[in-house]
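FYI, it's all coordinate maths here, none of it is from the lab. Because the structure is predicted, anything quoted here is derived from the model rather than measured. Cβ sites come from the backbone with ideal geometry, for glycine too, and all protein chains shown count toward neighbours.
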Amino acid sequence: MKRGWILATAALAAALAAGCASPNTSGLAVGAETDEEGNLQQLLQVDNAKLARQLQVDDLVVGQTKNGLMKAGVKLTSRQNKSIVAQSKFVWFDADGNEIDPDTDPWRPLVIHGKETRSIQGVAPSAAAASFKLRVRAGEKTRWIIK
């Protein structure tokens, strides 16, 4: 009985710590924004220099689905020999620069192993999307210790 209580308490503490420890800001953002003339321009924004040194943006592809929704693909490569634990999320913007449905796309786990290249793809939630950003932030490594 005592062991079950300890395990339950440890699991609850780990869940709370993981939720509280997650960073709230973006480490880097890569995407395409519309300039004054309506042309898409590539964008790279760095908010976490350490994460930016660990990852390299290899390719950015923008297209449309058959239904006319904007789709994007971004290739990220690890510059490290060890795994990078991160989170990613696509953010879509209309022609006026307003975010479309800001709470619909959650942060997704992203693990890129040493020197690996990963392709991350997303599709806009509406036809109003004119630009996007793929935000990447550092993730938290979690360990479960059960005795």
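Convex hull over the alpha-carbon atoms of segment 25-138: what's its volume per residue in Å³?
In segment 25-138, the Cα hull volume divided by residue count equals 97 Å³.
If you keep only loop residues by DSSP, which trypsin sites (Lys or Arg not before Pro) in segment 64-127 have at most 12 other Cβ atoms within 10 Å of their Cβ?
66, 82, 115
Quickly work out the residue 98-to-residue 46 label distance, labels modelled 7 Å from Cα along the C-beta direction, and quote it in nm with one decimal.
Here the answer is 3.4 nm between the modelled labels.
When Lys and Arg each count +1 and Asp and Glu each count -1, what net charge do the other residues less than 12 Å away from residue 125, Cβ to Cβ, add up to?
Its environment carries a net charge of -4.
Which net charge results for the neighbourhood of residue 135, defined as the other residues with beta-carbon distances under 12 angstrom from its beta-carbon, given Lys and Arg at +1 and Asp and Glu at -1?
+1
Out of the chymotrypsin sites (Phe, Trp or Tyr not before Pro) in segment 36-117, which ones are loop residues according to DSSP with at most 11 other C-beta atoms within 10 Å?
The qualifying sites: there are none.
Using θ = phi - 60° and the Karplus relation 6.51 cos²θ - 1.76 cosθ + 1.60, list the HN-Hα couplings for segment 73-87 in order, rounded to whole Hz, with x at every Gly or Pro.
Karplus-based 3J(HN,Hα) across segment 73-87 equals x, 10, 9, 10, 10, 6, 8, 9, 8, 10, 5, 10, 9, 9, 9 Hz.
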